[in-house]
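Structure first, then comments.
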Amino acid sequence: MGSRPERIFLSPPHMGGNERAYVDEAFASNYIAPLGPQVDAFERRFCELTGFGHAVALSSGTAALHLALRLLDVGPGDVVLASSLTFIGSVSPVTFLGATPVFIDASREDWNMDPALLAEAVEYMAGQGRLPRAVLPTDLYGQSCDLDAIREVCEPYGIPVLEDAAEAVGARYKGRHAGLGAFAAAFSFNGNKIITTSGGGLLASDHRGIIDEARRLSQQARDPAAHYEHSVIGYNYRMSNVVAAIGLGQLDVLEERVARRREIAAWYEARLGGLPGVSFMPEAPHGRSNRWLTVLLLDETVFGCGPERVRLALEAENIEARPVWKPMHMQPVFADAQYFGGAVAEELFRSGLCLPSGTALRETDLERIAAVIEGCAR
Ligand SMILES: *Cc1c(COP(=O)(O)O)cnc(C)c1O
């Protein structure tokens, strides 16, 4: 019996080498706690690397979005306009606060929130005398949304933009780090992201007051008193100091990781882009994607089969691939949600496949993956 080939994962953790030394430092300082010098250093280094003025390290990207929405006063009866083509963690915090997400379709150019459809939605809501409390675009698969175009729609109405940059650590928009220029941006260091702390998140902003308040709310909202005084309810959302130590090691290699993900995307395109019916997620001219995941698009009638057949063929070779996120407006839990758009997100969901994109992939792994996909072609 032949042994099963080694598993290739979609986007596994890839340590840079310094993480253990930083974790050792955390142990030596005995800050095995949700605060400490490693958390402080992680926030500082993140700001240095990205250009954000202020940042608070948190237990997850979802927590970062929850805090930011709460600080934007999102509450029962409010509407938040969000990308439909995204991961559930982007919009579940809207519902935690009792507010209602309304979904916007993707643009073909960058697969992110379509600014023209956003304008339609905002004008419609303005006509009803009920402006959205916030706009929440996702940076899909590490590609920044077109923030300037989104801001242009929002600013005349004073609607704040909260960017879900969970997948976009290291990505750029018009030369600056993704998320800069938004009211605030949320990042994730979950185990499958481009860099990871095992699990964690961060909220960044140029508004100091917002980050100070997010930090306070993330630590049970203690008032300044020795006896644990509380005038509002907070959360336990702080990043652990040990986890932040892992993050320091990952920040050391962020630029290398982005370069390697981009190399992998280019490799797939060069190798498979010539097959009939095959195309890839485009890189928009407005930025530099971190290429967190390479996404293949199949024209089923030309290629000979659809993404699910390819996914199963890869799985049979012990290779993990995943469908594109199922749009939020198609999810059972949001069956009643309002939706502005056409069929772009739906089409991308039906024809897209996320390929293994981990930075530790070797040439032989890429060859194995490509061979399976080539074998599926007509
Ligand atoms: C991963 C992710 C989140 C949530 O981040 P967690 O750290 O897993 O809570 C939110 N939005 C998007 C688009 C993501 O990919």
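The values are calculated or read from the model by the stated rules, or taken from the named source; none is laboratory data. Computed from a prediction, not measured in an experiment: that's the story for all the values here. Here the Cβ positions follow ideal geometry from the backbone for every residue, glycine too, while neighbour counts run over all protein chains shown. Side chains are part of the model used for accessible areas, which takes the heavy atoms of the whole protein and leaves out ligands, DNA and RNA. Shrake-Rupley method; radii C 1.70, N 1.55, O 1.52, S 1.80 Å.
Here are some notes:
- q = 0.16, 0.21, 0.22 Å⁻¹, region 161-286: log10 I(q)/I(0) [Debye, one scatterer per Cα]: -0.94, -1.29, -1.34
- Peptides 295-303, 159-167 ordered by average Cβ neighbours within 10 Å, highest first: 159-167, 295-303
- Portion, in percent, of the accessible area of region 19-251 that falls on carbon or sulfur, probe 1.4 Å: 52 percent
- Relative contact order (%) - the chain, alpha-carbon pairs under 8 angstrom, separation at least six: 24 percent
- Here's how it looks for Tyr339: its modeled amide H is under 5 Å from those of Phe103, which are all 5 or more places away or on a different chain.
- Solvent-accessible surface of the chain, taken per residue with a 1.4 Å probe and all protein chains present: 41 Å².
- Between Ala116 and Leu131, the contour length at 0.36 nm per residue exceeds the Cα-Cα span by 3.7 nm.
- Segment Ala21-Glu367, length gained on full extension (0.36 nm per residue, minus Cα span): 121.1 nm
- Projected area averaged over orientations for region 94-203, convex hull of C-alpha atoms, nm²: 7.2 nm²
- Virtual paramagnetic centre 7 Å along Cα→Cβ of Glu213, amide N under 11 Å, in region 119-151: none
- Couplings 3J(HN,Hα) for region 213-229, derived from phi with the Karplus relation 6.51 cos²θ - 1.76 cosθ + 1.60 (θ = phi - 60°), are 6, 5, 4, 5, 5, 6, 10, 6, 6, 7, 7, x, 7, 5, 9, 6, 9 Hz, where x marks Gly and Pro.
- Packing around the peptides 251-263, 357-369, 62-74, taken as the average count of other Cβ atoms within 10 Å per residue, puts them in this order, highest first: 62-74, 251-263, 357-369.
- The shape of the chain comes out oblate: with a ≥ b ≥ c from the C-alpha gyration tensor, a/c is at least 1.5 while a/b does not beat b/c.
- Karplus-based coupling profile of region 204-211, in residue order and whole Hz: 10, 6, 8, 9, 4, x, 5, 6, with θ = phi - 60° in 6.51 cos²θ - 1.76 cosθ + 1.60 and x standing for Gly or Pro.
- Electrostatic dipole magnitude of region 39-153 [Cβ: Lys, Arg +1; Asp, Glu -1; Cα centre; debye, to 20]: 420 debye
- Descending by average beta-carbon neighbour count within 10 Å, the peptides 145-154, 331-340 line up as 145-154, 331-340, the highest first.
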